[in-house]
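*Asks:* Questions regarding the structure given below will be posed in turn.
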Amino acid sequence: MSNEKKFTLRNAINQGLLAGLITTLISTVGMVELFSQRQLIAGVMTMAQLFIFLIPALISFQTARKAPKNSILLFSAVTSFFASLPVLVLILLASTFGLRRFLINVSPSLIETLTFGQGPLVGSLILVLATTAVGVAAAFVDQMDEKIRKPILAGLMWTILVGTFSEILQERLRAFFGIGFTNLIIKSKALQPVAALIFLVVVTAISYFWQQRGDSIKKGLASQSATQRRNMTYAQRIAFFVLLLILPLLLGSYLSEVTNNVGIYVLMGLGLNIVVGFAGLLDLGYVAFFAIGAYVMAILTSEGFLGVAQTSFWLALPVSVITAVIAGILLGTPVLRMRGDYLAIVTLGFGEIIRIMANSDLLKPYIGGAQGVLQIPKPSFFGTSLIQPGQLYYVVLAGVLLAWFVSTRLSNSRLGRQWMAMREDEDVAEAMGINLVNTKLLAFAIGAGFSGLSGAIFASKLTSIFPHSFNLLISINVLSLIIVGGMGSLPGVVVGSLILVGLPELLREFAEFRPWMYGALLIVMMLAKPEGFWPSAIQKRELHADEESPPVEEVAAAD
Amino acid sequence: MQRRLQNINYLDFVLWFIRVSIIVFVAWGTIATLLDNPYSADVWVNFTVLGLAQGSMYALIAIGYTLVYGVLFMINFAHGEFFMSGIMTATVFIAGPLSASGYLNNHPVISLLLILVVSMITSVGVAILTERVAYRPLRKAPRLVPLITALGASTFLQYTFRGLFGSEVKPFPQVEALSGKISFLGTEILQTQMVVIIATVIMLVGLYLFVMRTKTGKAIRAVAEDKDVAALMGIDVDRTIAITFALGASMAGAAGVLYALVFRQVHFYMGFLPGLKAFTAAVLGGIGSIPGAAVGGLFLGIFESVGPPLFLDGLNVPAYHQLKDVITFTLLVLVLIFRPQGIVGERLAEKKA
């Protein structure tokens, strides 16, 4: 909307100050300092510095697009200069008043990070100059020809990614290529400067040539016959499946563990996707079914004193799922006539009731109260106990594939279409002869079933469960990953889980800030990209119809 | 047609089953407790007064939900965080230093007023920012969208304040002038509880007069009635909505100070439960109505404080105080299912659904 108005220097200043305030905020809540130990490129740049410069760079990139054509550099310089001012104020306040007494994270070491260890005066000067320079550089990149800009951005992005995950890459590279070779690239958890430079150049070059050649390759693909194309898709599918099967061998134990966690969230996400994405019923108590699945599994299989049957994992699994399904129907029935926000609050209430009950002394003799259920055995498969994350991976994978299969089949079925009709307009759907009671209950039941399955695997993966693992944040987490991926989109669930669950586990410093990020992401996604990163085909089509409309109407179309 | 009728019967059957079993459960628990008679009359009076004090805070917070729902038909999930942000900031920046220097107990009135003002201003600031960033751009979006941003704003604000002030529980200093008990109508009442109740009454009356008597209040009511027509009458709708948020948040900020006086501690997560309960109170009283929020808050406070011992003690539930929140949430769920229009309110929920 602001595109239509003339972009003045005042707007640029405002944008700059906004960027600066965001940077100040992430500094004062402690995120910058937390990452000051993580080297992005050894001796050159830490992740904290990336955070300091990232937002000014992005905003000045934006400014360069909106600014009048003849004074782009001036505008972006102004923007990024003003972006450094709020941080400067923070540095001055902190070094004169000792803000630490009030703001726990404004510590001397944060100030040291912000001033690059050069003391408040020199450091501030460096900060201002460097921020401005970064802003101008961003504007330069923006002004380049698309054919050069895109490869450069791709190169930068990949280098930053590799630098960010250097700790894990180091471990993997060592496993495959030995220590000597790895040390050339990544040494003591940090990407080496020379390797980074080579990597940047290589990725940029590859993406440049790919862009040049890409069109002809695409044309070649398009000119294939139908059989050829079908064979291609089959080959792709088989390759993908084989990749899924051998993944734990490539990933090693730590990454397999992360993948398992992602898989558990994918399962939950697929379930909630049916309830929220397909049927449009905002369920904030979704964690309740996860908890029910986990507790049923725990009590049925536990070898501790709370275990009642000591059954095997495979026997307890369907029981957990069925219990969750029944719970879904029971909790779904009273709320059948509710819509929208009231439904959200009631389900949130259900979730909290179940969590508090699990925590209380009332049910302690049965499910352990706050002490939880312990000694849950890991699943075993024909006598071998699946202890390693790489082995458990296959259990998770089987669950995800099953849920995926059910979801894809359902999304194009009569039931799936009924859900979507109901999502668009309940009254019209009912008038069209859709039985709302059954349709809604099926959505709740199937969603709950997936969640219960996920919970059951979760319980036997962790071998002990506690009520506090089933709080509202899990529901919010799952909701966020659906929204980030794209509501109603199955690949979106996987993308969302990888971004929201996978990335933070790889960057363990993030742990504390995960909910913070989810909150911010929920807002930003709704404002900027309500259809998610991987929208479903229907949503894409709907959005494609009126591409020129402002974001708000896109939301209306997407929902 | 035949099949649809059957389904409705199934649903009605379930709903009636829930109604009857709740009534039986409550009646059974109450009779058992009364027969058992574990507490003296004084204890019940204390429960009630405690409930009134607690309910006053719920009433103040509920005002925010009701006002915002009145104008925007949106549940402002982040309202509990407005409540938390004010008192957290005031505790860290004002109450802590004042208490450390001894000023707080030498000049309690000035100190408390200062804390109150800082808390209210912070809450209002956070509310206006949230409205501007997270809600205003999405005003025309489908109803689910602002609800999701509100949820995001709530989590974001919680963890922002956790990052700013730390995750530990912070003590709120004791105000010695308010530490005693006074006798009122023959019963001993904690002074803080008295202050809470009186302060709430003053605030609520002030707010009611503001909304009913001033021009801005009239504008708020006009916007609540119909935004488009209000805009035609020359009312700045965006500004009025921002003022509505600010009004609600100022009440929440004040409630935060009262909360800190009673419980003497603050925490980044303290907004969640009171926020949800205040929402329950707002629904109980009929969301959209200011007197309704006040009545709902007081009712919920008393219900929450008297309910667990009354319903659960006779049933020999161990450590029934743990289930206080279960009772509240059950009430919330039941009210939303059976009487979404509230105990006294009109049926607003369906209007825009």
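The values are calculated or read from the model by the stated rules, or taken from the named source; none is laboratory data. Model, not experiment: these values are computed from the prediction. All Cβ positions, even for glycine, are placed from backbone atoms using ideal geometry, and neighbour counts span all protein chains on display. Each accessible area value is taken on the protein alone, full model and side chains, heavy atoms only, with ligands, DNA and RNA left out. Shrake-Rupley method; radii C 1.70, N 1.55, O 1.52, S 1.80 Å.
*Asks:* For the range B:22-66, how many residues are over 30 Å from residue B:76 (Cα atoms) and either of a type in the set (A, V, I, L, M, F, W, C) or open to solvent by 10 Å² or more (accessible area, probe 1.4 Å) (or both)?
*Replies:* Of the residues in that region, 23 qualify.
*Asks:* If we keep just the residues of the range B:124-171 that are part of a helix (DSSP H, G or I) and polar (S, T, N, Q), which is farthest from the other protein chains (Cβ to nearest Cβ)?
*Replies:* Only one residue fits best here, namely B:130.
*Asks:* Same structure again: Considering (1) under 30 Å from residue A:44 (Cβ atoms); (2) outside the structural domain of residue A:407 (by TED's automatic domain parsing), say which one residue A:258 fails and leave the rest.
*Replies:* Looking at each condition in turn, residue A:258 falls short on (2).
*Asks:* Also, quick follow-up: Within the range B:84-96, is even one residue open to solvent by 50 Å² or more (accessible area, probe 1.4 Å), within 10 Å of chain A (Cβ to nearest Cβ) and part of a helix (DSSP H, G or I)?
*Replies:* Within the range B:84-96, one or more residues are open to solvent by 50 Å² or more (accessible area, probe 1.4 Å), within 10 Å of chain A (Cβ to nearest Cβ) and part of a helix (DSSP H, G or I).
*Asks:* Going by the structure shown, is residue B:62 among the small types (Gly, Ala, Ser), part of a helix (DSSP H, G or I) and within 14 Å of chain A (Cβ to nearest Cβ)? It would help to see each step written out before you state the result.
*Replies:* Details: among the small types (Gly, Ala, Ser): yes; part of a helix (DSSP H, G or I): yes; within 14 Å of chain A (Cβ to nearest Cβ): yes.
Against the criterion (among the small types (Gly, Ala, Ser), part of a helix (DSSP H, G or I) and within 14 Å of chain A (Cβ to nearest Cβ)), residue B:62 qualifies.
*Asks:* Something else: Residue B:105: outside any helix (DSSP H, G or I) and either open to solvent by 50 Å² or more (accessible area, probe 1.4 Å) or at pLDDT below 90 (or both), yes or no?
*Replies:* no
*Asks:* Additional query: Within the range B:172-183, restricting attention to residues that are in contact (Cβ under 8 Å) with a residue 12 or more places away in the chain, open to solvent by 40 Å² or more (accessible area, probe 1.4 Å) and outside any helix (DSSP H, G or I), which residue is nearest to residue B:119 (Cα to Cα)?
*Replies:* We begin by selecting, within the range B:172-183, every residue in contact (Cβ under 8 Å) with a residue 12 or more places away in the chain; these are B:172-179, B:182.
Pick out the ones that are also open to solvent by 40 Å² or more (accessible area, probe 1.4 Å) and you get B:174, B:176-177, B:179, B:182.
Right, trim to outside any helix (DSSP H, G or I) and you get B:174, B:179, B:182.
On the way: B:174: 17, B:179: 21, B:182: 27 Å.
Result: B:174.
*Asks:* Name every residue in the range B:174-209 that is modelled with pLDDT of 85 or more and among the basic types (Lys, Arg), in order of residue number.
*Replies:* Once the filter is applied, which keeps residues that are modelled with pLDDT of 85 or more and among the basic types (Lys, Arg), the range B:174-209 yields nothing.
*Asks:* Additional query: Quick check on the range A:96-111: of everything there that is more than 24 Å from residue A:18 (Cβ to Cβ) and touching a residue at least 24 places away in the same chain (Cβ under 8 Å), which residue is least open to solvent (accessible area, probe 1.4 Å)?
*Replies:* Taking the candidates together, the pick is A:107.
*Asks:* Would you pick out the residues in the range A:34-93 that are within 24 Å of the chain's Cα centre (by Cα) and not in a helix (DSSP H, G or I)?
*Replies:* Residues satisfying the conditions are A:35, A:36, A:37, A:38, A:39, A:40, A:46.
*Asks:* Name the pairs: first residue in the range A:347-364 and more than 7 Å from chain B (Cβ to nearest Cβ) and free of Cβ contacts under 8 Å to residues at least 40 places away in the same chain, second residue part of a helix (DSSP H, G or I) and open to solvent by 10 Å² or more (accessible area, probe 1.4 Å), Cβ to Cβ under 7 Å, at least 6 apart or on different chains?
*Replies:* What qualifies is A:363/A:357.
*Asks:* Condition check: within 29 Å of residue A:88 (Cβ to Cβ) and not assigned by TED's automatic domain parsing to the domain that holds residue A:504. Does residue A:154 satisfy that?
*Replies:* Details: within 29 Å of residue A:88 (Cβ to Cβ): no; not assigned by TED's automatic domain parsing to the domain that holds residue A:504: yes.
Criteria not met by residue A:154.
*Asks:* Need the failing condition index for residue A:322 against (1) in contact with a helix residue (DSSP H, G or I) (Cβ under 7 Å, 6 or more places away or on another chain); (2) at pLDDT 90 or above, just the number.
*Replies:* Among (1) in contact with a helix residue (DSSP H, G or I) (Cβ under 7 Å, 6 or more places away or on another chain); (2) at pLDDT 90 or above, the lone unmet condition for residue A:322 is (1).
*Asks:* Residues of the range A:94-127 being of a type outside the set (Gly, Ala, Ser) and in a loop (DSSP other than H, G, I, E, B), which ones?
*Replies:* Those that are of a type outside the set (Gly, Ala, Ser) and in a loop (DSSP other than H, G, I, E, B): A:102, A:103, A:104, A:105, A:106, A:115, A:116, A:118.
*Asks:* Another one. Being away from every other protein chain (no Cβ under 14 Å) and more than 30 Å from residue B:71 (Cα to Cα) is the filter; apply it to the range B:289-329 and report the residue that is nearest to the chain's Cα centre (by Cα). First the steps, then the outcome.
*Replies:* We begin by selecting, within the range B:289-329, every residue away from every other protein chain (no Cβ under 14 Å); these are B:289-299, B:301-303, B:305-307, B:309-310, B:314.
After this cut, where a residue has to be more than 30 Å from residue B:71 (Cα to Cα) as well, the list is B:305-307, B:309-310, B:314.
Numbers: B:305: 15, B:306: 18, B:307: 18, B:309: 22, B:310: 23, B:314: 29 Å.
Among those residues, the one meeting the criterion is B:305.
*Asks:* Residue A:453: at pLDDT below 80, open to solvent by 10 Å² or more (accessible area, probe 1.4 Å), in the same structural domain as residue A:373 (by TED's automatic domain parsing) and of a type in the set (A, V, I, L, M), yes or no?
*Replies:* So residue A:453 does not fit the description; no.
*Asks:* Take the residues in the range B:187-239 that are of a type outside the set (A, V, I, L, M) and touching a Gly at 6+ places or on another chain (Cβ under 6 Å); name whichever of them is farthest from residue B:138 (Cα to Cα). Even if it seems obvious, please write down each step before you answer.
*Replies:* Taking the range B:187-239 first, the residues of a type outside the set (A, V, I, L, M) are B:187-188, B:191-193, B:200, B:206, B:208, B:210, B:213-218, B:221, B:225-228, B:234, B:236, B:238-239.
Add one more test, that the residue is touching a Gly at 6+ places or on another chain (Cβ under 6 Å), and what stays is B:191, B:210.
On the way: B:191: 45, B:210: 28 Å.
Applying the filter and picking the extreme gives B:191.
*Asks:* Inspect the range B:232-255 for any residue being open to solvent by 70 Å² or more (accessible area, probe 1.4 Å), part of a helix (DSSP H, G or I) and touching a Phe, Trp or Tyr at 6+ places or on another chain (Cβ under 9 Å) and give the result as yes or no.
*Replies:* no
*Asks:* Return the residues of the range A:126-163 that are more than 30 Å from residue A:187 (Cα to Cα) and either in contact (Cβ under 8 Å) with a residue 60 or more places away in the chain or surrounded by 14 or more Cβ atoms within 10 Å (Cβ to Cβ) (or both); say none if nothing qualifies.
*Replies:* The answer is A:128, A:132, A:135, A:136, A:139, A:140, A:141, A:142, A:143, A:147, A:148, A:149.
*Asks:* Further, regarding this structure: In the range A:331-341, is there at least one residue being among the acidic types (Asp, Glu), at the interface with another protein chain (Cβ under 9 Å from one of its Cβ atoms) and under 31 Å from the mean Cα position of the chain (by Cα)?
*Replies:* Within the range A:331-341, the subset among the acidic types (Asp, Glu) is A:341.
With at the interface with another protein chain (Cβ under 9 Å from one of its Cβ atoms) added as a condition, the list becomes A:341.
In the following step, the residues that additionally are under 31 Å from the mean Cα position of the chain (by Cα) were identified as A:341.
Yes, the range A:331-341 contains at least one residue that is among the acidic types (Asp, Glu), at the interface with another protein chain (Cβ under 9 Å from one of its Cβ atoms) and under 31 Å from the mean Cα position of the chain (by Cα).
*Asks:* Can you say whether residue B:262 is closer than 19 Å to residue A:357 by Cα and surrounded by fewer than 22 Cβ atoms within 10 Å (Cβ to Cβ), as far as the supplied structure shows?
*Replies:* no
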